[in-house]
Amino acid sequence: MAEKTIVPFGESVLRKKAKPVEEITPRIIKLLNDLGDTLYAAEGRAGLAAPQIGILRRVVVMDCGDGLIELINPEILESHGEQIGPEACLSFPGYSGYVKRAKYVKIKFLNRAGKSVVMEGEDHQARCMQHEIDHLDGVLFVDRIQGGQLFNERTGKKVNLAEIIRLTNQ
């Protein structure tokens, strides 16, 4: 087990679609362990997807306050309702913005033992599930920002999203 470096916004791996896990091997177990270690080492964390440490596999870990949940090949089965709330990302440290998400989601995934699990989430947990599954499809929270404004978490000041994207691509 080891803490890995989180890939920053602007790296192309974050825009690629992750490949499904065909078989749960020792490498996948190590990936789950490394993701967990990295998640817990990060400040302000709720979830982490494998592409965020440079690995294009459909693997996620998250902890929305009830302990670590490991998701292999997660998919959304059902969603409804709407919530708009603040969201941030470990690959985009120091910034947050308001994102519209479903209020409720039902997902299906494999756990580390290869067992199929169905899980429901509402509010913050639903937001986290959607955010992390988006990472597996190369979609980032900045793609869903409402009003084109991010907030600098240190100063609280509004920052134009286009300006941040321009600065990170230099």
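Residues in region 20-37 that are open to solvent by 20 Å² or more (accessible area, probe 1.4 Å) and in contact with a helix residue (DSSP H, G or I) (Cβ under 7 Å, 6 or more places away or on another chain): none. Going by the conditions given, is Ala46 open to solvent by less than 40 Å² (accessible area, probe 1.4 Å) and within 15 Å of Val139 (Cβ to Cβ)? No: the conditions fail for Ala46.
Within region 99-139, being under 15 Å from the mean Cα position of the chain (by Cα), closer than 20 Å to Leu39 by Cα and of a type in the set (D, E, K, R) holds for Arg127, Glu132, Asp134, Asp137. Within region 55-68, the set of residues being surrounded by fewer than 22 Cβ atoms within 10 Å (Cβ to Cβ) and on the phi < 0 side of the Ramachandran plot comprises Ile55, Leu56, Arg57, Asp63, Cys64, Asp66, Leu68. In region 69-90, of all residues being touching a Leu at 6+ places or on another chain (Cβ under 9 Å), under 23 Å from Glu11 (Cα atoms) and open to solvent by 30 Å² or more (accessible area, probe 1.4 Å), the one that is modelled with the lowest pLDDT corresponds to Leu90. Among the strands (runs of 3 or more DSSP E) confined to region 53-170, the ones with at least 1 residues that are free of Cβ contacts under 8 Å to residues at least 40 places away in the same chain and under 27 Å from Lys30 (Cα atoms) are located at 59-62, 104-110, 116-122.
The values are calculated or read from the model by the stated rules, or taken from the named source; none is laboratory data. These figures come from a predicted structure and were not determined experimentally. All Cβ positions, even for glycine, are placed from backbone atoms using ideal geometry, and neighbour counts span all protein chains on display. For accessibility, only protein heavy atoms count, side chains too; no ligands or nucleic acids. Shrake-Rupley method; radii C 1.70, N 1.55, O 1.52, S 1.80 Å.
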